[in-house]
Structures are given as structure tokens and as C-alpha cells.
Amino acid sequence: MSYALSPGQANLKLALWQSDADQMTSADVYAWLVTSGLPANVALRLHELLTYTKRVGRKVFSIGKIILLKILEFVKAHPLLVTGAGIGAVVGAAIASLIASIPFLGPLLSPIAVLLGITITAAGAVIGHRLDKKFSGVGEDIFEVARLFFDLVIETFNLVFKHVVSA
């Protein structure tokens, strides 16, 4: 199956995406990012992406906003795939760094470690995708539980380290 778009189809698709992007102001997207539980610095970085525009022909398109909205659509549609890929990436990176840190053999095994890390990330994404197919509403529940857990961890660390001053 060929997925090549003609120039007219590409222009129409870009115009439709721009129309969707115009329906939400940058402030609305930023507020949504903050209320969805993202840390303020991550929301600020993503807000910087929202301001990126590009001139195509005679029109100026909000490319940053279009990209961010498409990513958010994907994450909403496939929450477990994204979670599985994220967990796989963390585990893969940890294993790759452990293998690479082996004295004398680490530098030789480093390319294999990187390949192993990529494989683990892909496996996590595939497992998450299969779970998305089986359990359609579970992604939101997992996200809510994870957010509540990390809120508890943050609150605990804030209480424990409240009086610790770094010199």
C-alpha cells in the first residue's frame, strides 16, 4: 500500500491540521498540559514548541502546535503503548549502561548493549500496544494511579527533605 500524498492532498491535510491547531490557543494548550499533571518545566518546554511557526507558500503554519497536538492525540489513543515504550527505554538504557560499564569488555560490548536497549524498548512498545488492544480504558486508570503515586512520592520527599539545606 502506497501512502504517498499528492501535493494537493498534502496541502489539504496541512490546512485541516492548521484549522485544528487554530481552534486551541497556546494558553489553552499550556493550561491543559499543566492540569494533566505534567511538571511545570516540561509544560513550559512544550509551550516553547507551540510558538514555532513555519511559512509554507503564502501562509504561516503553527508547526509546533500541530506536532504537539498530533503527539497528544497519539498518546491519548495508545496510552499503554507509550507507557510500555517508556518502561522499555528505561530498562534498556539501564542494561546498556551496565554492560558498557564492565571494565575492559564494556567498550567492546557497547554496540551490542545499545542494540539490546533498542530491542527492549521495541518489545515494551509492542507489549503496550497489545495491552491497548485488549484493555481499552485501562490506560487512563494506570495514568491516574501513577500520577497519584508520584504525587505521594513528591510530597514525602518534600516533607523529609524540608529542612535539608545543600551547601
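The values are calculated or read from the model by the stated rules, or taken from the named source; none is laboratory data. In this text the structure is predicted, and so the values were computed from the model without any measurement. FYI the Cβ positions are ideal-geometry reconstructions off the backbone, even for glycines, and counts take in every protein chain you see. Ligands, DNA and RNA are stripped out before the accessible areas are found, and what is left, the full protein with its side chains, is counted by its heavy atoms. Shrake-Rupley method; radii C 1.70, N 1.55, O 1.52, S 1.80 Å.
Before moving on, here are some points about what is shown:
- From the options 82, 75, 91, residue that is assigned to a helix (DSSP H, G or I), under 26 Å from residue 126 (Cα atoms), open to solvent by 40 Å² or more (accessible area, probe 1.4 Å) and in contact (Cβ under 8 Å) with a residue 40 or more places away in the chain: 82
- The lone criterion from (1) in a helix (DSSP H, G or I); (2) within 30 Å of residue 134 (Cβ to Cβ); (3) touching a residue at least 12 places away in the same chain (Cβ under 8 Å) left unmet by residue 37 is number (1).
- Residues located in region 58-72, provided they are without any contact (Cβ under 8 Å) to a residue 12 or more places away in the chain and surrounded by fewer than 14 Cβ atoms within 10 Å (Cβ to Cβ): 58, 60, 71
- Filter pass, residue 46 being under 19 Å from residue 71 (Cβ atoms), in contact with a helix residue (DSSP H, G or I) (Cβ under 8 Å, 6 or more places away or on another chain) and in a helix (DSSP H, G or I): yes
Results for (1) at pLDDT 70 or above; (2) surrounded by 12 or more Cβ atoms within 10 Å (Cβ to Cβ), shown as yes or no for each residue.
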position	(1), (2)
124	yes, yes
139	no, yes
146	yes, yes
149	yes, no
